[in-house]
Every structure is written in C-alpha cells, then in structure tokens.
Amino acid sequence: MREEMKTRVEAPIDGFRLPRYQEVPDVGLYLEQVTGYISNLLSPLVSISITGSMISNYVKKDLISNPIKKRYNRDQIVALICIAVAKTVLSLEDIQVLLSMQRRLGDNQTAYNFFCQELEASLYDVFGLGPAPAALPVDVQDEQLLVRKTVVAVAHKLYLDTYLRVLAEMECI
C-alpha cells in the first residue's frame with residue numbers, strides 16, 4: 001500500500017514543466033482564453049486554480065496592469081501564473097510586494113524563467129522524483145531567495161494536499 005500511495009502522490013507532478021517566457025503566447029488573449037490557458041498549465045498542481053473573477057480582482061488590486069482592448073499580453077500572463085501559484089501560500093498583499101521587488105530587479109523574462117526553474121526543482125525535490133530538471137544557482141540575490149522560499153512552501157503545500165487527497169481516495173476503496 002505504501003508504494004502504491006507514493007506512486008499516486010508523485011503521478012500528477014512527474015514531468016511537470018511550465019513554459020518559459022518565450023513560449024507563452026503574446027498574441028493578446030481574452031480573459032476566458034487566459035483562464036483556460038493557465039488552468040491547463042497548472043492542472044497537474046491539483047489545488048491551484050484561477051478564474052476570470054480572480055484575474056479581474058488582480059487587475060483592480062494593481063497586481064497586473066489593465067488589459068489592452070480586453071486582451072492580456074505575455075507579461076500579464078506570466079504574472080498571473082506566478083500569482084496563481086504563490087497565492088496558495090501568500091496573501092495578495094505579500095504577492096504584490098514580491099512582484100514589485102521583481103520588477104525593480106530586472107526584466108520579466110529573467111524573473112519568470114527563474115520562477116519556473118525554482119518551482120520545477122522544488123516540486124521534484126519535495127515529491128521525491130529525483131534530481132531537479134536543471135541545476136539551480138546557489139548564490140542568489142535576496143529577491144531571488146524570496147522566490148525560492150515561496151516556491152518551496154508551495155511545493156510542500158501541494159505535496160500535503162495531494163497526499164491527503166490520495167489517502168482519502170484510498171480510504172474510500
């Protein structure tokens with residue numbers, strides 16, 4: 001039973017990969033398209049979701065800029081991916097602080113790609129899937145360290161959520 005449990009807990013995460021900045025669409029997606037795109041990307045992370053009303057709320061709270069002609073660009077989409085993941089362990093106010101720190105630090109592409117790499121490595125580590133898909137830098141700036149600590153917390157929460165869900169399903173068998 002223990003081996004079956006381990007396999008079922010690892011299964012949704014095995015092979016998980018977020019698209020890198022250049023792979024995210026930049027054609028201008030409508031709200032419904034954005035929610036579908038992000039929901040599909042994050043579907044292996046069972047307890048993470050995003051809705052149109054959540055996105056509208058993030059715009060109102062200035063976490064992301066207003067869409068142009070009701071279309072969201074690449075920078076807004078990658079910010080929404082980060083928000084959807086981080087909101088599992090942080091308040092919106094704390095996420096706003098992290099996003100503003102990242103914006104001061106450098107370009108969106110570098111910050112988002114670092115986020116992806118860190119999240120994937122944390123998931124592989126926490127779920128016991130072996131070595132991380134990419135070597136992570138050891139010497140990072142304080143802002144990057146905060147991102148790292150955030151995704152480690154997310155990975156641990158996802159593991160607990162997944163384990164408890166699988167355990168509940170197995171108890172029903």
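Nothing in this text is a laboratory measurement; each read-out follows from the coordinates by a stated rule. Source: prediction; values computed, not measured. Reconstructed Cβ throughout: ideal geometry from the backbone, glycine too, with neighbour counts over all protein chains shown.
With r as the distance between the Cβ atoms of Asp107 and Glu32 and R0 = 35 Å, compute the FRET efficiency 1/(1 + (r/R0)^6) and round to 0.05. Mind showing how you got there, number by number?
Working: r = 28 Å, r/R0 = 0.81.
Result of the calculation: an efficiency of 0.80.
Given a cut-off of under 8 Å on Cα pairs at least six residues apart, what relative contact order in percent is computed for segment 45-173? Let's see the in-between values first.
Values: 85 pairs, mean separation 34.6, N = 129.
Taking the mean separation of contacting Cα pairs over the length of segment 45-173, I get 27 percent.
Evaluate 2.2 N^0.38 Å with N set to the residue count of the chain, then give the Cα radius of gyration divided by it. Could you put the intermediate results ahead of the total?
On the way: Rg = 16.5 Å, N = 173, 2.2 N^0.38 = 15.6 Å.
Expressed relative to 2.2 N^0.38 Å, the Cα Rg reads 1.06.
Let me have the 222 nm mean residue ellipticity of the chain computed from DSSP H runs of 4+ only, each contributing -39500 (n - 2.57), with the sum over all residues rounded to the nearest 500. Could you put the intermediate results ahead of the total?
Details: 7 runs with 107 residues, N = 173.
After summing the helix terms and dividing by the residues of the chain, the value is -20500 deg cm²/dmol.
Give me the count of lysine pairs in the chain whose alpha carbons sit under 15 angstrom apart, restricted to pairs 8 or more positions apart or on different chains. Could you put the intermediate results ahead of the total?
Numbers: Lys60/Lys70; Lys61/Lys87; Lys87/Lys149; Lys87/Lys157; Lys149/Lys157.
Lysine pairs meeting the criterion: 5.
What do you get for the angle between helix 31-42 and the principal long axis of the chain? Use alpha-carbon atoms, 0 to 90 degrees, nearest ten.
Here the helix axis deviates by roughly 30 degrees.
Within the chain, what's the longest run with no trypsin sites (Lys or Arg not before Pro) in a DSSP loop and at most 16 other beta-carbon atoms within 10 Å? Give the range, please.
Values: sites that count: Arg17, Arg20, Lys61, Lys69, Lys70.
Counting at most 16 other Cβ atoms within 10 Å as exposed, the longest clean stretch of the chain is 71-173.
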